[in-house]
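**Student:** The structure follows.
Every read-out reported here was derived from the displayed coordinates using simple, explicitly stated rules and does not represent laboratory data. On a predicted model such as this, the values are computed, not experimentally measured, just so you know. Every residue, glycine as well, gets a Cβ built from its backbone with ideal geometry; the counts of neighbours run over all protein chains shown.
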Amino acid sequence: MILNIVFFLMGYAVATLWEHYLHKQILHAPTKRANRWKESSFSFYRFLYKGYYSHHVVHHKLTFQQHYHLQFNSQKEQEKLDK
Ligand SMILES: [Zn+2]
């Protein structure tokens, strides 16, 4: 039983560290790197760019600006982004 808990905690730690690393390297990649992905002829890099754009730009810059649980501050703000 104790071994199961140890393996669970080790797996949780590894997953957390990977999530943190990938979050930083892909979802918050430097702009130059993201732009290279955007222009790439390889679909994998364009896929990475889509992740970067939807997370970094839309999630962190265009929405959830005042509160983690409130995506838009007003209906007008949402309509502006939906255009
Ligand atoms: Zn983020």
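**Student:** Show log10 I(q)/I(0) for the range 2-82 at q = 0.18, 0.21 Å⁻¹, two decimals, from a solvent-free Debye sum over equal Cα scatterers.
**Tutor:** Per q value, in the given order, log10 I(q)/I(0) is -0.85, -0.94.
**Student:** Going toward the positive end of the dipole of the chain, with +1 on Lys and Arg Cβ and -1 on Asp and Glu Cβ, which of Leu48, Gln65, Gln78 do you reach last?
**Tutor:** Of the candidates, Leu48 comes out farthest on the positive side.
**Student:** May I pose another question? With only Lys, Arg, Asp and Glu charged, each at its Cβ (+1 for the first two, -1 for the last two), find how big the charge dipole of the chain is about the Cα centre; round to the nearest 20 debye.
**Tutor:** 400
**Student:** Further, regarding this structure: Please rank His20, His55, His69, His28, fewest neighbouring Cβ atoms within 10 Å first, as an exposure proxy.
**Tutor:** Values: His20 10, His55 16, His69 6, His28 13.
In increasing order of surrounding Cβ atoms, one gets His69, His20, His28, His55.
**Student:** Past 21 Å, Cα to Cα, is the threshold; run Lys24/Lys80; Lys32/Lys76; Lys32/Lys61; Lys32/Lys80 against it and keep the listed order. Mind dumping the intermediate values first?
**Tutor:** On the way: Lys24/Lys80 28 Å; Lys32/Lys76 32 Å; Lys32/Lys61 18 Å; Lys32/Lys80 27 Å.
Exceeds cut-off: Lys24/Lys80; Lys32/Lys76; Lys32/Lys80.
**Student:** Once you put a point 7 Å from the Cα of Val58 and another 7 Å from the Cα of Leu70, both along the Cβ direction, what distance in nm separates them?
**Tutor:** 2.2
**Student:** Okay, next question. Kindly rank 10-18, 42-50 from highest to lowest mean number of other beta carbons found within 10 Å of each residue.
**Tutor:** Working: 10-18: 10.0, 42-50: 13.4.
With the highest mean Cβ count within 10 Å placed first, the list reads 42-50, 10-18.
**Student:** Further question on the same structure: Please identify the helices of the chain, taking whole runs of DSSP H, that span at least 18 Å along their own axis as judged from the Cα atoms and have a mean Kyte-Doolittle score of 1.0 or higher. Working shown, then result.
**Tutor:** Values: long enough: 2-22 (30 Å, 1.38).
Within the chain the helices that satisfy the rule are 2-22.
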